[in-house]
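All of the numbers you see were taken from the coordinates with simple rules; none came from a lab. Just so it is clear, the model here is predicted, and its values are computed rather than measured. Here Cβ is always computed from backbone atoms with ideal geometry, including for glycine, and neighbour counts include all displayed protein chains.
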Amino acid sequence: MRETIDELVKETIRELNEDLNEAALECPDEQTPLFELLDSMAVLDFILGVEERIQQRFGRYVQVADETTMDASATPFKSVGSAVDFIMKKVQNDG
Amino acid sequence: MAEIRFDDAAIRGIVTTAGDRKVMIEDEAEAFGYDERTLKRLKRSMGFASRHVVSDPSVCTSDLCAQSAHRLFKGLAIDPSSIDALLFVSQTPDYRAPSTAIILQDRLGLSTRTVAFDINLGCSGFINGLYTAYSFIHSGMERVLLCVGDIASRFAYPQDKNLTPLMGDAGSAVLIERTVNSPSAFVLHSDGSGYEHLIIPAGGCRQPVTPESLEPKTFEDGAIRRAVDMFMNGGEIFNFTIKVVPAMFEELFALSGREKETVDYFVLHQANRYILQNIAKRLGVGAERLPMDTMTEYGNQNSASIPGTVNARLSNVYSQKRVRSVFAGFGIGLSWGACMVETDTIFAPPIQLYQKGQA
């Protein structure tokens, strides 16, 4: 499961980075910072991309955003690794 | 907790007037510093495409509402002097004082026995205004005119790339009348701890207008604005919306005793595409029952976005049959509310653009 989520998160980041051109996002790994490199519109775009991919892979809608999404101190999207962990829990709990 | 039910009031007509000038996002992109890729992203996630604003800088929200009200009176063959109360919900009144509602009382030909006052609210304003109107009917009145809207393009600084491309101008007029056996339910919430996240800081008594508050400044987020212009912390408003709106629907379903499957249409404040898609997916409701594209064509119409969506997207439905609706608004305050109401073949013509001389 984690491998699948990791793959779809990185796919989404690479697609997003075609527009953003952030050097740090070219080859994302677990430690790559995420939230600090994205403006709020890009965070929304990232979430949209992840939700679409989850729907394609798992056949159901899973809400990835919550009330901490845009909170710099509490966001689960601080790094690629924390984003993958958070999204995996969401997919498991919404199953 | 404000949870209220009525069965003696109903909406008879809804009319909305939008700004006469259509502005395409492509025409504004350069002024906001959007490159082609940013523009593509914003269209996809936020739904930016066009918006309607007033072309004449002297036109006020009350002018749009007055045009709507005249059309409403004519369409329903209503004598304006039969109206008991006039509520004007807006953040863009004609003057700081007196209430614009009182000016409209005279302008629309209402009796001097009319109760008239303003309510200062934005995106939740239609729900709060409708609740107040239903309460007036429940207290013994026969007819209430609810006017809602904003010249939103005027409270956002023209070069504020975070807010201005969202904003559209509109004014609606809604007639509420005494009836029987028309069940409705309202849930209303306020949380002032978040007041700074969506605010016009200067211009009130707390921070009066000074030469400094009229100076444009560039902020950390790259947006340019003055202290007398609206500021929105988009991230906080996003978090707030995601947190409160789904929970509010659960409250409303419990209060009304009706499940979402029994609702014909969910007409929500048209904040942005992502928020509406997110709510629709959580509710398990498709775009055919939860319109999402009013903002894409007209911009965010603030308190007029719910009636604006009825007129822009569902005019035929509301005009031709009995409809059970959930209306929901959420935003500045912070404030949020929803209601479940029933309407039966009401006067709901397609949205009209402002025409000088029609108000």
Considering amide H positions built from the backbone, and no H for Pro or chain starts, which residues 5 or more places from B:Phe347, or on another chain, come under 5 Å of its amide H? B:Gly13, B:Ile14
Return the FRET efficiency for the residue pair B:Asp27, A:Glu52: r is the Cβ-Cβ distance, R0 is 30 Å, and the value is rounded to the nearest 0.05. 0.55
Partnerless cysteines, meaning none of the other Cys C-beta atoms lie under 4.7 Å away, in chain B: B:Cys60, B:Cys123, B:Cys205, B:Cys339
Between the range B:240-266 and the range B:157-191, the Cα center-to-center distance that results, in Å: 17 Å
Starting at the first residue of the range B:202-211, write each ³J(HN,Hα) from the Karplus equation 6.51 cos²θ - 1.76 cosθ + 1.60 with θ = phi - 60°, in whole Hz, x for Gly and Pro. 9, x, x, 6, 5, 9, x, 5, 10, x
Once phi is turned into ³J(HN,Hα) by the Karplus curve 6.51 cos²θ - 1.76 cosθ + 1.60 with θ = phi - 60°, what whole-Hz value does each residue of the range B:155-169 show in order, with x for glycine and proline? 9, 9, 5, x, 9, 6, 5, 7, 10, 4, x, 7, 8, x, 9
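Pick out, in residue order, every one of the GluC sites (Glu not before Pro) in the range B:206-296 that is DSSP loop and has at most 14 other C-beta atoms within 10 Å; say none if there are none. Provide the component values of the computation, followed by the final result.
Working: sites: B:Glu212, B:Glu220, B:Glu236, B:Glu250, B:Glu251, B:Glu259, B:Glu261, B:Glu288; in loops: B:Glu220, B:Glu259, B:Glu288.
Taking the range B:206-296 and a limit of 14 other Cβ atoms within 10 Å, the loop GluC sites (Glu not before Pro) found are B:Glu220, B:Glu259, B:Glu288.
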Using modelled amide H (1.01 Å from N, peptide plane; none on Pro or chain starts), what sits under 5 Å from the amide H of B:Ala9, excluding residues fewer than 5 places away? B:Thr179, B:Ser182
Taking chain B as a Gaussian network, Cα atoms linked when under 10 Å apart, which of B:Gly337, B:Gly122, B:Gly192 shows the biggest mean-square fluctuation? B:Gly192
Got a sec to turn the phi values of the range B:340-347 into Karplus ³J(HN,Hα) couplings, 6.51 cos²θ - 1.76 cosθ + 1.60 with θ = phi - 60°, whole Hz, x for Gly and Pro? 10, 9, 10, 10, 9, 6, 8, 7
Taking every other residue with Cβ under 12 Å from the Cβ of B:Thr294 and scoring Lys and Arg +1, Asp and Glu -1, one gets +1
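Assuming a strict under-15 Å limit between Cα atoms, what lysine pair count do you get for chain B once near-sequence pairs (fewer than 8 apart, same chain) are dropped?
Numbers: B:Lys40/B:Lys161; B:Lys43/B:Lys161; B:Lys161/B:Lys217; B:Lys243/B:Lys281; B:Lys260/B:Lys281.
Step by step, the pairs that qualify in chain B add up to 5.
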Once Lys and Arg are counted +1 and Asp and Glu -1 for all other residues with Cβ under 9 Å from that of B:Phe32, the total becomes -2
Can you work out the base-10 log of I(q)/I(0) for the protein assembly as shown at q = 0.06, 0.10, 0.11, 0.14 1/Å, using the Debye formula on its C-alpha atoms alone? -0.26, -0.72, -0.86, -1.33
Could you tell me the center-to-center distance, by alpha carbons, between the range B:335-359 and the range B:271-289 in angstrom? 21 Å
Amide hydrogen neighbours beyond the local backbone of A:Ser79, cut-off 5 Å, H modeled: A:Leu34, A:Phe35
